[in-house]
Each structure stands twice: as C-alpha cells, then as structure tokens.
Amino acid sequence: MKDILDKYICKIEGHGYLKLDYSHNKVQLVVDEGERLFEKLLVGRPYLDAPFITARICGVCPTAHTLASISALENAFQVEVNKNIEHLRRILLAGQIIQSHALHFFFLAAPDYIGLDNALEIADKKPAVFKMALALKEIGDDIVRTIGGRQVHPVTPTVGGFTKKFDKKLLIDLKKRIDANMHFSIEALDLAQTFKYPDFKNVTQYFALTNGINYDIIGGKITSTERVRADIQDYSLNIKEKVVGHSTAKHATHNKESFMVGALSRVNLQTKFLNPKAKTAMHNFKRIKFPSTNPFHINLAQAIEVVHFMEECSKLLGVIIDGKEPILKVPYKARKSSAAGAIEAPRGTLYHYYEIDDKGIIQKCDIITPTVQNLENIERDAEYILENTKKMSEDERYQLLEMLVRAYDPCITCSVH
Amino acid sequence: MEKLKIGIFDLTDCEGCELQILNLKGKLLKLAEIADIPVWRLAKTPTEFGPYDLALIEGTPMSKDDIKLAKKIREKSKKVIALGACAHLGGIPAALDEKKRDKFLREIYGWNYKSSSVAAKPLTAYIHVDYFIHGCPIDLDEAEKVIVDILMDKNPAGPSKSVCLECKERENPCLFLKNEPCQGPITEGGCKAVCPSNGLRCWGCQGLVKDANVGAMEKNLKKMGYENQVENIMGAFTKQDESKE
C-alpha cells in the first residue's frame, strides 16, 4: 500500500509520478489513469448529451468542459446568442476559474511556499491565510452555484443559452457578495507576491485565446507570443497531439515544439487588458515583472487572475442588473454539421470538436485539454532544472521538480479523457 | 479518546466527489477535531498507511494500481464507503460499450499503444463495500449525514424516496410529461432533485430507488420515441444498478 501511495505526486489532480534519470538530466512525467475514452463514449449519442457527459471528464473544471462543448455545438449550428447569455457564461466561467485557482493556489501550491504540508496545517498555523483561502474558494463556488445550479458539474448551461431564468434579485445579491469579498483577492495577491519563487527562467512559447479588445475567455483567436494567430476552426493544424510511450495522456506540440497554456500564458499575452485592481496591484510588485518566463510564476499569475475575474464578474453582473429582463434561451435548429469550439479553462485553452449527423447524433468528437498541451513543457522545464541544479542533493532536486509539477497545476484527470 | 483514522482515496475518475468533500470547508475542521485524515492524496502528503477506521473510496478501479490499492484499502479498513456514482455504479466511464474498448483504444492511441487498464466497473466488482454516498457528484448534505452517522455508529440508510417525489415537492413542471427521458421516477433521491429543478432531466446518477420499475421506464422511453437511445439513456447510471429492481 505504501508503495502505491508514495509513488504518486500528491496535491495535484489525478495520478502521475516522475521518472528521473539524474545522470542524463532526463525526466518523464508518467501519467497513470485508466483511459475512459470520452471521445468514443459520446459517439452515437444526441448532441445535447455532450455538455452533461464532458463535464464528467474533470470534477475540478467541469464547467469549462460544459461551456467548451456548447461553444463547439453553437459554432456547428451557427447559433447566435444574445449579450446577456454571453455575459452570464463569462461570469460562470470566471467563477470556475476563481474556484479552481483558489483551490490550487491555496490548498495545493501555497504549502510549498509557506513551508507547510497542507491546508489543515495552514488553518492551524496561518489562520488569516486560511480565512482568505476559504473566502475565495467559497465565492468561486457561490458564483458557479448561482449561475450554474451546482458548484461541481453545472446543470443550467445548454446549447442556445440556459435551461432556467435567473431572478434579478439573485444576481444583485451575488454581486454584493463578490464586492464584499474583493479585498480577499487583493490580499491573496499581496501574499503571492511575497512568496520566494525558485529562480528559473526558461523561455517557451505562450499560447492563449485573445481578441485584441479585452481579456476574453470564450472564443477569440488562437494566439501565441511568437505571433501565431489562427482561427479556432484550424486548431488541429496548430496544436498536434502525439502518443507517448510512458503516459496514458497524449502530449501536444506546436510545430513539434513544446509550449505553455494557462494563467501565466494569458497574463503574459494580455497584461494590458487586465481589470484595474489587478493592474494596479501588479504595478506595485517590487521584484517581479511580466511577461515572465519563470514557470513558478504560474502561481502568481493565478493570484493576479483571481483579482481580475472577481472584478470581471462584478462588472458583468452590473451590466445585466442594469439592463432589461434578460432572455436566456434563443431558438436554433440542429443540423448536419461539424465545428470546433474553444474557451480558456482555468489551466489554459480547451478545445472541443464535434461532427453531428442530420438526426442530431454525434458522429465524431475530439477534445484537447490544457494539460495535454502543457505536459511536454513540464518535462522540458524539469530537465532544464536538473541541468542547473547539479550542486543540490538528489532529494532537494526531486522536491524542486515536484514543486514545479505542482506549480503547473496539471489536471491529469483531464489529460486522460 | 484516541482520534479515529479516516483515509480518503481516489481511483480513476474526475475527482469531483472528493472536491465536494473539500467543499465541506469549515466542517472539515470540525471533523479534524475527532478524526485524523492521514491519507488524502489530493490534499496532503500521506503519513500513515493503515489501519483505518473508515475509508472513503472515489472512482472506478481501472488501472492495475487502482485495483491493487482498492484491495489493500479493504484489508486495512474497518468500514469502506463508496464515494459517488463511479465507485457506486461505474458511472459515466462504465457507460462505454466495453465490447468495443480495444477498437476505441486503437482509434484514439494507434496500433502500437498498449493499455494496461480494464473496463470501468463499480467498486463492488472487486471489494465488499459497507456504505454508499450516491450521486454524480455527491450531494454535500447527504455526504455529511452519512459520514457523521457512521462515525457515531448509526446506520445511515434513510427511507428510500425517488427524485420524482423530491421534484414534485418543489412543484417543478414535469419534464417527463414534456417528453424528456427523465429518469426521476426510478431514481433514488437525496439530491434535492437538483437537475430537474434547474430544467435538466434526471440522468439517474443516484442509482435506482427501492422497487424501481425499470421495465416500465424502458417501455415508456420506447413509446416516447427513444427506441434507439434506451441503452444510452439508461446505460449511464440506472441500468448499471441492479440491486433494487
């Protein structure tokens, strides 16, 4: 029993472990989850099963999968939703990102920087930090529960809009709760700034969806720091998956090179579009400047995004509350078609692709998750760290590599779908 | 009094149910007053490798390590709870047509790929389970009640009541009458009918209610025009549960 429990890296989502060759600086992140074969499970089912079933790929980012599948299906059927539906989806996805970042930042990654093992120890020794953690996790859950109907595996989002109407009073109250908790997000960012991030700079290509107007997380163009600018429908030309021998998860590359997606990529690519409180806090950073090429700064970028998305939710809720009674379902016609959809999930760009026949049955499905896109880069960064830490003991080097994997916030559950 | 030992374990799955346990938030601190949690991979470094007074196991045993671990946990635990639909029924991963598993693996991973995993099955296919916390994901109130009851040596089983009844208590418009393949009439409640209350049909994730008339559901689905989808609709959860028919 000890052999199995000690083998897997703890405080990450899913089952993975490191295989290291210290003398040759070689690192493999072995992913060992059963293949659930979601892409095949969906074939033969009605298209409306996709938002429900794909949520079950991952309990940490189910809302992201639901919204990505809806985006793909709406692209296929050319559904035009109204502004209110768009705003509510953005609020829901922002809530998902706050939930996930708060969980990862405080409960999984922060103990590495604070010098404790886990959240219960934080509760015991750093109660103020724990209070912050609970408040931010709760407000993220609250947003997803209020709009999505449940904090894990949402029930309200569907093709064409939402399955229910929202009482304006609920939205007004939600906005009040977000505003009342805003200060916790800023305090968390202040805390994140004080962490001693290991000093490794390893340049890679950073990918995220952007639209050139704002820090959007649904749709846009596939963009990179090396001037890639591609349509979402061309995702498979830009992001290629390959099977690797040591992992039940595939690895994705761009032009055969590793790259990074997620919070750090997004902040690196569009710092200028962050909301004012996030931006102001960043201006006050004493030591760290963005864009950053230090993978450990993913955790700092998560804290920046929590502030940004708290502001975003408050702003968008304000727009809906001030507007007319929103219509939250638009009519559309399912038809024989195919399309991709993409959104920014907490860990990076998430692609869903469907082919639908004339009876509305799914004929083909393809899903590329953020962690599949990051795995190659994690191994590359890990090897870079091994090369540059030869004076450290094996144990110290191993600890540092586990910390790196954790900093990336891999969702191994997602990566084997 | 010596503290109880609780182990929280995850096999192959989405980890949404253990996240729900984490979502108990402040209540977990209360639990920590009477119990230690020496093992919880998602949340901490493991410190003790048994014995446990209580083990919560989430997920379906699919990888070799999953199966080995599930058996070891059983050996070392006084009581085992299956946490969530995957552990209870097999859940969404078990809705795959297993006869085609090899073909599907080839199509996704290619001819050279060797999988060491097996088809998703409920935990009971491998080990004896003492209690179940239902749902995909589990309902927080039910989880809390079951865990507290077990820690107090009470039997957590309450009276069986369908999702349909819980839905009617909330005066929701009936989705089944709107020709949606809602599984509420044959599904065990306890979820507060969260899906139909939000306009989504019940998928049956809590398993069958006592004396469920599965045959009648099947017949009705066919009458409603779902002849070709009965296996898909019921294969996700309700047909996986053969304990209460």
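The values are calculated or read from the model by the stated rules, or taken from the named source; none is laboratory data. Note that the structure is a prediction, hence the values are computed from the model and not measured. In this analysis, Cβ positions are derived from the backbone assuming ideal geometry, glycine residues included, and neighbour counts consider all displayed protein chains. Surface areas here come from the heavy atoms of the whole protein model, side chains and all, with no ligands, DNA or RNA. Shrake-Rupley method; radii C 1.70, N 1.55, O 1.52, S 1.80 Å.
Taking only protein heavy atoms and a 1.4 Å probe, what accessible area per residue, in Å², does chain A have with all protein chains in place?
35
What pairs from B:Lys71/B:Lys114; A:Lys131/A:Lys315; A:Lys126/B:Lys79; A:Lys125/B:Lys145 go past 32 Å between their alpha carbons?
A:Lys126/B:Lys79
Past 28 Å, Cα to Cα: identify those pairs from A:Lys40/A:Lys333; A:Lys175/A:Lys364; A:Lys40/B:Lys222; A:Lys329/B:Lys168; A:Lys40/B:Lys168, in the order given. Before the final figure, lay out the partial values.
Values: A:Lys40/A:Lys333 25 Å; A:Lys175/A:Lys364 40 Å; A:Lys40/B:Lys222 24 Å; A:Lys329/B:Lys168 24 Å; A:Lys40/B:Lys168 36 Å.
Too far apart for the 28 Å limit: A:Lys175/A:Lys364; A:Lys40/B:Lys168.
Using modelled amide H (1.01 Å from N, peptide plane; none on Pro or chain starts), what sits under 5 Å from the amide H of A:Lys364, excluding residues fewer than 5 places away?
Excluding prolines and chain starts, which carry no amide H, the hits are A:Glu355.
Starting from the amide H of A:Thr163, placed 1.01 Å from N in the peptide plane, find each other amide H under 5 Å away whose residue is 5 or more places distant or on another chain.
Under 5 Å from the amide H of A:Thr163: A:Thr158.
Got the relative contact order for chain B handy, in percent, Cα pairs under 8 Å and 6 or more residues apart?
Details: 434 pairs, mean separation 41.6, N = 245.
RCO, chain B: 17 percent.
I'd like the Kirkwood hydrodynamic radius of region B:4-151, using the inverse of the mean 1/r over distinct C-alpha pairs, in Å. List each step's numbers first, then the result.
Numbers: mean 1/r = 0.0629 Å⁻¹.
Computed over region B:4-151, the radius equals 15.9 Å.
If you take the beta carbon distance between A:Asn255 and A:Asp190 as r and set R0 to 45 Å, what does 1/(1 + (r/R0)^6) give as a FRET efficiency, to the nearest 0.05?
On the way: r = 39 Å, r/R0 = 0.87.
Approximately 0.70, to the nearest 0.05.
At B:Tyr109 and B:Ala216, where each label point lies 7 Å from the Cα along Cα→Cβ, what is the point-to-point distance in nanometres?
Simple spin-label model gives 4.4 nm for this pair.
Per residue, how large is the accessible surface of region B:4-151? Use a 1.4 angstrom probe and give square angstrom.
Accessible area per residue: 37 Å².
For a 24 Å ceiling on Cα separation, which of these pairs sit above it: B:Lys219/B:Lys239; A:Lys11/A:Lys256; A:Lys11/B:Lys30; A:Lys7/A:Lys196?
With Cα atoms farther than 24 Å apart: A:Lys11/A:Lys256; A:Lys7/A:Lys196.
How high is the relative contact order of region B:163-240, given as a whole-number percent (alpha carbon pairs under 8 Å, six or more residues apart)? Walk me through the numbers before you get to the answer.
Details: 109 pairs, mean separation 24.4, N = 78.
Worked out over region B:163-240, it gives 31 percent.
Which whole-angstrom value gives the distance between the alpha carbon centres of region B:15-67 and region A:326-352?
Each part reduced to its Cα centre gives a spacing of 35 Å.
May I ask you to give the percent of accessible area on chain B that is carbon plus sulfur, with a probe radius of 1.4 Å?
On the way: 5740 of 10710 Å².
The nonpolar share, carbon plus sulfur, comes to 54 percent.
In Å, the Kirkwood hydrodynamic radius of region A:193-263 over pairs of distinct alpha carbons?
Computed over region A:193-263, the radius equals 14.2 Å.
For region A:1-131, with the dipole built from +1 on Lys and Arg beta-carbon atoms and -1 on Asp and Glu ones, taken about the Cα centre, which of A:Phe130, A:Leu120, A:His15 lies farthest toward the positive end?
About the Cα centre, the residue reaching furthest to the positive side is A:Phe130.
To the nearest 100 Å², how much accessible surface do chains B and A cover up together, summed over both, with a 1.4 Å probe?
Working: alone 13490 and 17470 Å², together 25410 Å².
Using a 1.4 Å probe, the pair buries roughly 5600 Å².
May I have the extent of the alpha carbons of region A:139-275 along their three principal axes, as whole Å values ordered from largest to smallest?
Rounded to whole Å, the extents work out to 51, 42, 36 Å.
Could you give each residue of region A:184-195 its phi-based ³J(HN,Hα) in whole Hz, using Karplus coefficients 6.51, -1.76, 1.60 with θ = phi - 60°, and x for Gly or Pro?
Each residue's phi maps through the Karplus curve to give 5, 5, 6, 5, 5, 5, 4, 5, 4, 5, 8, 4 Hz.
What number does region A:1-149 give for Rg over Rh if you use C-alpha atoms and the Kirkwood radius?
1.06
What residues in region A:37-64 lose 50 Å² or more of accessible surface when the other protein chains are added to their chain alone (1.4 Å probe)?
Residues passing the criterion (a loss of at least 50 Å², heavy atoms only) are A:Leu37, A:Lys40, A:Leu41, A:Arg45, A:Phe52, A:Arg56.
Specify, per residue and in Å³, the volume enclosed by the convex hull of the alpha carbon atoms belonging to region B:163-240.
77
Once you have the alpha carbon radius of gyration of region B:1-66, what is it after dividing by 2.2 N^0.38 Å, with N set to its residue count?
Normalised Cα radius of gyration, region B:1-66: 1.13.
Compute the Rg to Rh ratio over region A:226-302 from the alpha carbon atoms, using the Kirkwood formula for Rh, and round to two decimal places.
Here the Rg-to-Rh quotient is 1.06.
Using just the Cα positions, wrap chain A in a convex hull and report its mean projected area in square nanometres, one decimal place.
Quarter of the Cα hull surface area: 19.9 nm².
What order, most packed first, do the peptides B:80-91, A:145-156, A:333-344 have when packing is the mean number of other Cβ atoms within 10 Å of each residue?
B:80-91, A:145-156, A:333-344
Determine the relative contact order of region A:105-252: mean sequence separation of Cα pairs under 8 Å and six or more apart, normalised by residue count, in whole percent.
Numbers: 118 pairs, mean separation 17.9, N = 148.
With pairs under 8 Å counted, the relative contact order is 12 percent.
Straight-line reach from B:Lys27: which aspartates and glutamates fall under 18 Å, measuring Cα to Cα and dropping same-chain residues less than 8 apart?
Within the straight-line limit of under 18 Å, B:Lys27 reaches these aspartates and glutamates: A:Glu121, A:Asp124, A:Glu138, A:Asp141, A:Asp142, B:Glu18, B:Asp36, B:Asp139, B:Asp141, B:Glu142, B:Glu144, B:Asp149.
Taking amide H positions as placed 1.01 Å from N in the peptide plane, with prolines and chain starts having none, which residues 5 or more places from B:Gly204, or on another chain, fall under 5 Å of its amide H?
Those qualifying (amide H under 5 Å, at least 5 residues apart or on another chain) are B:Gln183.
Under the Karplus relation 6.51 cos²θ - 1.76 cosθ + 1.60, θ = phi - 60°, what is the ordered set of whole-Hz ³J(HN,Hα) values for region A:89-104, x standing for Gly and Pro?
Rounded to whole hertz, the list is 5, 5, 4, 4, 5, 5, x, 4, 5, 4, 3, 5, 5, 4, 4, 5.
Would you calculate, for the protein assembly as shown, the mean residue ellipticity at 222 nm contributed by helices, counting each DSSP H stretch of 4 or more residues as -39,500 (n - 2.57) and dividing by all residues, to the nearest 500?
-12500 deg cm²/dmol
Rounded to two decimals, what is Rg over Rh for region A:7-59 when you use alpha-carbon atoms and the Kirkwood radius?
Reported Rg/Rh (Cα atoms, Kirkwood Rh): 1.19.
For region A:244-380, compute Rh as the Kirkwood radius over C-alpha pairs and then the Stokes-Einstein diffusion coefficient at 25 °C and 0.890 mPa s; write the answer in µm²/s, rounded to an integer.
135
Whole-Hz Karplus ³J(HN,Hα) for region A:199-205, in order, using 6.51 cos²θ - 1.76 cosθ + 1.60 and θ = phi - 60°, x for Gly and Pro?
8, 10, 10, 9, 5, 9, 8
Rounded to the nearest 20 debye, what is the charge dipole size of the protein assembly as shown about its Cα centre when +1 sits on each Lys and Arg Cβ and -1 on each Asp and Glu Cβ? Don't skip to the answer; put the middle values down first.
Values: 91 positive and 87 negative charges, 198 e Å.
Charge dipole of the protein assembly as shown: 960 debye, to the nearest 20.
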